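A quick write-up on the structure given underneath.
The values are calculated or read from the model by the stated rules, or taken from the named source; none is laboratory data. Source: prediction; values computed, not measured. Glycine gets a Cβ as well: all are built from the backbone with ideal geometry, and neighbour counts include every protein chain shown. The accessibility values were calculated without ligands, DNA or RNA, using every heavy atom of the protein model including side chains. Shrake-Rupley method; radii C 1.70, N 1.55, O 1.52, S 1.80 Å.
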Amino acid sequence: MPHIEDIDIKSEEVQEILGTPPSWLVRWGSLAAFVGFVILLWLAYWIRYPDVVSGDIRVSSTEPPRRIYSENAGTIDRLLVRNEQLVDSGQALLSFRSGNGANLDDVLSFSTMLAHVSNTDSAILAFEPPRNFLLGADIQNDLLQFIEKKERNSRMSARRSSRSSGSRDLQTRISDLEKVIEANNRQKRRIEDQIETLNNRFAQEQKLYKEGKVSLRKMRETQDELRNLERDRQGIESDSKSKRFEIQRLQNQIRDTRQEAREDSSESLEALRSSFLQMKKGLEDWKKRYIITAPAKGIVAFKSEEIGEQQFVLKEALLMTLVPSEAAETIGRMQLPIDGSGKVDTAQQVIVKFKSYPFYEYGAVIGRVRWKGKVPDNNTISVEIEFPNGLITTRGKKIEPAQEMNGTAEIITSDKRLIEKFFEHFRRIGSS
């Protein structure tokens, strides 16, 4: 047997053997390549490769959560709701310290009373306003003006047949009332001295409490004493105001007895009506300034746990957020570049992936194009996306709507086959 080293690989016989592949390899290899090509064409025909236009999307509710800000700087007097409490539209949420002696409960009660009184003459004449409410200087003055106008109208309507009481009796009554006012003033000064003393003691106790030398109970007892004295002082002021009003009323009565014959009842009714409207306006102005109300029905969420009574807040400070409880539509908004936006049309399917909900865990949300703008703005076109099935993902998970949810969206403009994409690519190459 000849050795391998003796074989000349450069001979014509060896080169012919090496350069000629077996016939079976050529035959089966060509068949396999043809079958593979046919399979690729078959797959390219059945596999669909959608044509999409992508962009960022911002999803929000048509009734998004409403942020509630303080219109003026001030100190929170009372919190009227709890965190995450369901409230009605127009319900009072918190009040600011007014500094004019108004009692919030009295103001709200008075507001409820006025809400049930129409602006007709009969309703105004039948309205009996309260006389013992602490409404603050502005509202109290408007109320006293209304009471004065109402009593004047009553006097004119009744046409009192007798003036037997006379100016002397009225003046005696005025003198008695002035003595009561003087006594109230003396008592008020004594109470104010006590308040000043307690304020100094309370300030000292606060320092000692921080040093751990005074108990919280002791400090609260002093604070309760201050509140009781302040309540007594306000009661004396209210009584003095009532007496002054009575003096003014009696003085007006003395004056009116000489003018009653010349007064016209229609003018009196007009004055009473104007006074009533002014009182309602003054009350609404006070509420707008010192009370925060709910703009809609929903659940309130405080900004933080730092929001509390006796806290000072700046103007336009965020106080809380109200999440409307009524069902609202969820809408997505996109700004697409003009290039390629012509393929976008209404009713096209949209695949939305939210950044705050990972796609691999939650899946995507399916929507559709509801509206497409026609006028470009800054080289972009506005597009609105709706979600007919809500925010239900492809994995069956429900996403709760929130304010300003961001993500990416793919608008499926056409559902083409993969082979069509190949032909389009070749056509673009050929035309270039």
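Descriptive notes on the structure:
- What the Cβ-Cβ distance of GLN251 and ASP285 gives, at R0 = 41 Å and to the nearest 0.05, is a FRET efficiency of 0.90.
- Among 370-380, 174-184, sorting by the average number of other beta carbon atoms lying within 10 angstrom of each residue, highest first, gives 174-184, 370-380.
- Peptides ranked, highest mean first, by Cβ atoms within 10 Å: ranges 271-278, 68-75: 271-278, 68-75
- Modelled spin labels at GLU267 and SER325, positioned 7 Å past Cα toward Cβ, are 5.4 nm from each other.
- In loop segments of region 282-379 as defined by DSSP, the GluC sites (Glu not before Pro) with at most 14 further C-beta atoms inside 10 Å of their C-beta are GLU305, GLU306, GLU309, GLU316, GLU326, GLU329.
- Region 273-374: C-alpha gyration tensor shape, a/c 1.5 cut-off, then a/b vs b/c: prolate
- With a 1.4 Å probe rolled over the protein heavy atoms of all chains, the accessible area of SER95, SER414 falls in the order SER414, SER95, largest first.
- Taking all protein chains as they are arranged and a probe of 1.4 Å, the heavy atoms of GLU400 leave approximately 110 Å² accessible to solvent.
- Per residue, the convex hull around the alpha carbon atoms of region 104-252 comes to 122 Å³.
- Estimated inter-spin distance, ALA402 and ALA317, nm [label 7 Å along Cα→Cβ]: 2.6 nm
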